[in-house]
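Asks: One structure, pasted below without further comment.
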Amino acid sequence: MFKQSHVCVLVLLCAFLWLCLLYSYGVSEGHIFWTNISKTDQNLVQYVPEEENSESVISSNRKDFGFMKAMRSAKNTGDPCGGRYIFVYDLPSRFNEDIVKECASINKWLGMCKFTSNGGFGPKLNNTQGVFSNNGWYNTDHFTLDLIFFNRMKKYECLTNDSSLASAIFVPFYAGFDVARYLWGYNVSMRDATSFELVDWLQKRDEWKIMNGQDHFLVGGRPTWDYRRSSDEETDWGNKFLLLPAVKNMSTLLVESNPWNSNDFAIPYPTYFHPCKAYEVFDWQDRMIKLERKWLFSFAGAPRPNDRTSIRSLLIDQCKNSRVGKLLDCGIVEKKCQSPSNVMKMFQNSVFCLQPQGDSSTRRSAFDSILAGCIPVFFHPGSFYTQYIWYLPKNYTKYSVFISEDDIRKNVSIEQCLSQISPQNIKKMRENVISLIPKVIYANPRCKLETLKDAFDVSVEAIINKVTKLRKDMIEGRTDDDDLIEGLSWKYGLLGEDEYVNVHEWDLFFDGTKNTPDTIKNFSIDDEQQEE
């Protein structure tokens, strides 16, 4: 009995020890499990930067920046709009709709009301001359982008009413229409009034305070110089919208940007083509590829006799004196360029289209030539290459020809320069030009281009990428040298990520002298009506 009792005690003792070991192991494993669950849950509610080992980053990451929900959204692979949501302000109507209702005041000499019809596309074009395709063509004015862009934004597939989810915030202010209605005959107080009202309205919003407006963007359908009045002299041009400190925090999309400033970005001028379906674009591209072109080069435009720096008169002379050159005179008397059919017909019959500076550095005609499959010839890099950086190959020789303005003044023959390009290279260049068409047109918001991205899609994607990078930099404690960016901003679009260039072949064109064309201060309705 004693021996049996002794054995039982030993068995019970061993069992107890095993239970203790198992309990200890279970508690330990349970601690690890719940720790992992806690970490997983933490990842779900907090964006984790790449540099996880940095104490400063971890410390910074614990802050609530107000946009962490949006950052998490981008990581949600189950949400097709993850990282693409846009929040649109419901602005008081005086900042947009009311301005369009008073469309007659946007341009006193040119009836703008017809151009604000059809959502900013203007009247439909008939195809009596066979120049256009059957659908999607409108008589679109080159300064109606404010209305066109907002109407596209209303149909954007990833709109949200939750601003904390948004990857960017759109401000539907018709900046271009606003400045245009006060360009002639109004004092500076009247010209600036709406700009100050908008800034005051925005700065009171909670959405603004999260990033001080750096996640906001808007569209101004005119060149940047119309919004950069440098003084309060009544004779100075435009308003000072883009010079307001709050507006400098936002991204502003314009048909022409300032090469020396980093808060505005150039997006394409509207063309006449606003397709509804992708096949309409493909059919047009195929047609432009197959066209026979009888003119080596052409120019649609008028001279600028009041602008001593303009080379337009020299180009006109070369067109007139060449048997392979064609001129469409856009003088106020001729008025030929006010007909979209005339412009597009000549471009479709030309191998190369001359695109000098317009009333400012850029002109809508460059996009009309691309739409026609006509290879553009530029004379200043600020007319295209350093402007529309989101839309173009970095190697400009793939789709265009560059002849400097100085060469034209030295009487270099355009015909001779272009004749030296081989037929094989011309074919490749034309194909590259035509491949750009989808990205430089604004599609009809009533439908979708399916597999294609248009100018609207490209710009929204670029803005979201810009804001996302800025937010990551804030989380990880990185800051940029703003002075460096401002001083060299025209170069940045020519570089790859993390590249830096100190010397560039185009430096002589951007010497820091912020000179707009002399005509800008003496701008007249004659200029406004001519082909840009």
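The values are calculated or read from the model by the stated rules, or taken from the named source; none is laboratory data. In this text the structure is predicted, and so the values were computed from the model without any measurement. For neighbour counting, all protein chains shown are included, and Cβ atoms are generated from backbone atoms with ideal geometry for every residue, glycine included. Areas reflect the complete protein model, heavy atoms only, side chains present, ligands, DNA and RNA absent. Shrake-Rupley method; radii C 1.70, N 1.55, O 1.52, S 1.80 Å.
Asks: What are the residue pairs meeting all of these: first residue in segment 400-416, first residue within 15 Å of Phe352 (Cβ to Cβ), second residue of a type in the set (Phe, Trp, Tyr) and open to solvent by 20 Å² or more (accessible area, probe 1.4 Å), Cβ atoms under 7 Å, and 6 or more apart or on different chains?
Replies: That search, which allows pairs on different chains as well, returns Phe402/Tyr396.
Asks: Looking at segment 443-463, which of its residues are assigned to a helix (DSSP H, G or I) and crowded, with 17+ Cβ neighbours inside 10 Å?
Replies: Scanning segment 443-463 gives Ala455, Phe456, Asp457, Val458, Ser459, Val460, Ala462, Ile463.
Asks: Determine the pairs where a residue that is farther than 23 Å from Leu110 by Cβ and open to solvent by 40 Å² or more (accessible area, probe 1.4 Å), located within segment 183-198, has a partner that is of a type in the set (A, V, I, L, M, F, W, C) and in a helix (DSSP H, G or I) with Cβ atoms under 9 Å apart, the partner being 6 or more residues away or on another chain.
Replies: Close Cβ pairs satisfying both conditions: Glu197/Phe95.
Asks: Then there's this: Out of Ser251, Ser262, Ser231, report the one residue that is hydroxyl-bearing (Ser, Thr, Tyr) and more than 21 Å from the chain's Cα centre (by Cα).
Replies: The unique qualifying residue is Ser231.
Asks: Hey, can you tell me all the residues within segment 332-365 that are at pLDDT below 85, over 19 Å from Ala266 (Cβ atoms) and either open to solvent by 30 Å² or more (accessible area, probe 1.4 Å) or acidic (Asp, Glu) (or both)?
Replies: Hits for segment 332-365 are Ile332, Val333, Glu334, Lys335, Lys336, Gln338.
Asks: Taking Tyr396 as meeting all but one of (1) surrounded by fewer than 18 Cβ atoms within 10 Å (Cβ to Cβ); (2) farther than 22 Å from Ile267 by Cβ; (3) touching a strand residue (DSSP E or B) at 6+ places or on another chain (Cβ under 8 Å), write down the number of the exception.
Replies: Among (1) surrounded by fewer than 18 Cβ atoms within 10 Å (Cβ to Cβ); (2) farther than 22 Å from Ile267 by Cβ; (3) touching a strand residue (DSSP E or B) at 6+ places or on another chain (Cβ under 8 Å), the lone unmet condition for Tyr396 is (2).
Asks: Taking Lys427 as meeting all but one of (1) touching a Cys at 6+ places or on another chain (Cβ under 9 Å); (2) open to solvent by 80 Å² or more (accessible area, probe 1.4 Å), write down the number of the exception.
Replies: With respect to (1) touching a Cys at 6+ places or on another chain (Cβ under 9 Å); (2) open to solvent by 80 Å² or more (accessible area, probe 1.4 Å), Lys427 is out only on (1).
Asks: Just one of the numbered conditions (1) in a loop (DSSP other than H, G, I, E, B); (2) at pLDDT 95 or above; (3) not β-branched (Val, Ile, Thr) is not true of Arg304; which one?
Replies: If we test Arg304 against (1) in a loop (DSSP other than H, G, I, E, B); (2) at pLDDT 95 or above; (3) not β-branched (Val, Ile, Thr), just (2) comes out false.
Asks: Among the residues that make up segment 144-165, is at least one of them over 24 Å from the mean Cα position of the chain (by Cα), surrounded by fewer than 21 Cβ atoms within 10 Å (Cβ to Cβ), of a type outside the set (D, E, K, R) and not in a loop (DSSP other than H, G, I, E, B)?
Replies: Scanning segment 144-165, I find no residue that is over 24 Å from the mean Cα position of the chain (by Cα), surrounded by fewer than 21 Cβ atoms within 10 Å (Cβ to Cβ), of a type outside the set (D, E, K, R) and not in a loop (DSSP other than H, G, I, E, B), so the answer is no.
Asks: Still on this model: Only residues that are more than 20 Å from Pro172 (Cβ to Cβ) and open to solvent by less than 30 Å² (accessible area, probe 1.4 Å): list them for segment 214-231, please.
Replies: Pro223, Arg229
Asks: I'm trying to understand the selection: among the residues of segment 75-107, which are open to solvent by less than 60 Å² (accessible area, probe 1.4 Å) and in a loop (DSSP other than H, G, I, E, B)?
Replies: Result: Asp79, Cys81, Gly82, Gly83, Tyr85, Tyr89, Leu91, Pro92, Asn96, Ile106, Asn107.
Asks: Could you say whether any residue in segment 249-265 is among the β-branched types (Val, Ile, Thr), closer than 21 Å to Phe384 by Cα, part of a strand (DSSP E or B) and in contact (Cβ under 8 Å) with a residue 24 or more places away in the chain?
Replies: Yes.
Asks: Any residue at all in segment 198-213 that's under 21 Å from the mean Cα position of the chain (by Cα), closer than 30 Å to Leu449 by Cα and modelled with pLDDT of 95 or more?
Replies: no
Asks: Identify the single condition in (1) closer than 29 Å to Thr252 by Cβ; (2) at pLDDT 95 or above; (3) not in a helix (DSSP H, G or I) that Arg323 does not satisfy, given that it satisfies every other one.
Replies: With (1) closer than 29 Å to Thr252 by Cβ; (2) at pLDDT 95 or above; (3) not in a helix (DSSP H, G or I) applied to Arg323, the lone miss is (1).
Asks: Kindly provide the set of residues from segment 292-312 that are hydroxyl-bearing (Ser, Thr, Tyr) and open to solvent by 60 Å² or more (accessible area, probe 1.4 Å), ordered by number.
Replies: Thr309
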